[in-house]
Amino acid sequence: MENGAVYNETTEPEAKAPRRRPFGCTLQHLWGWRLPAKVLQAIFSFVAVVCEEIVEDCSYCNGLYFFEFISCSAFLLSLLILCVYCTDMYESLGKEKVQKL
C-alpha cells in the first residue's frame with residue numbers, strides 16, 4: 001500500500017479563495033433611498049465648500065469661517081460614512097462599532 005493513497009482519500013480538497021470585489025465595494029448595507037441621499041449630501045456639502053472659497057472679500061468674516069468649518073466637516077463626514085457603508089470596512093469593524101460611531 002502506498003502512503004500517498006491513504007492521505008489523498010482523507011484530505012479535503014483545497015477551497016477556492018473567496019472572490020473579492022474591486023476595492024471591496026458593496027451596496028449591501030446602504031440600499032434604497034439611503035444611498036442617493038448620502039451621495040447628494042456629499043455633493044451639496046462639497047458645493048458649499050466651493051461656494052465659500054469663492055468669496056474674496058467680507059466685512060464680518062466670523063460667520064463665513066463658521067460656515068467653512070461646518071461645510072468642510074459635513075463633506076468629510078459624509079465621505080467617511082459612504083466609505084464605511086460601501087466597502088468591506090463595515091464587516092471588519094462590526095455592526096455594533098459602526099452604530100456607535
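The values are calculated or read from the model by the stated rules, or taken from the named source; none is laboratory data. Small disclaimer: the values here were computed from a predicted structure and weren't measured. Because the Cβ atoms are built from the backbone with ideal geometry, glycine has one as well, and the counts that use them run over all protein chains shown. Remember, those area values only see protein heavy atoms, side chains included, never the ligands or the DNA or RNA. Shrake-Rupley method; radii C 1.70, N 1.55, O 1.52, S 1.80 Å.
General remarks:
- Local electrostatic count, Val50, Cβ distance below 15 Å [Lys/Arg +1, Asp/Glu -1]: -4
- Ordering of 32-40, 86-94, 71-79, 59-67 by packing [mean C-beta count within 10 Å, highest first]: 71-79, 86-94, 32-40, 59-67
- Solvent-accessible area, 1.4 Å probe, carbon plus sulfur percent, for region 47-101: 67
- Size of region 58-100 as Cα extents on the principal axes (Å, biggest first): 49, 17, 8
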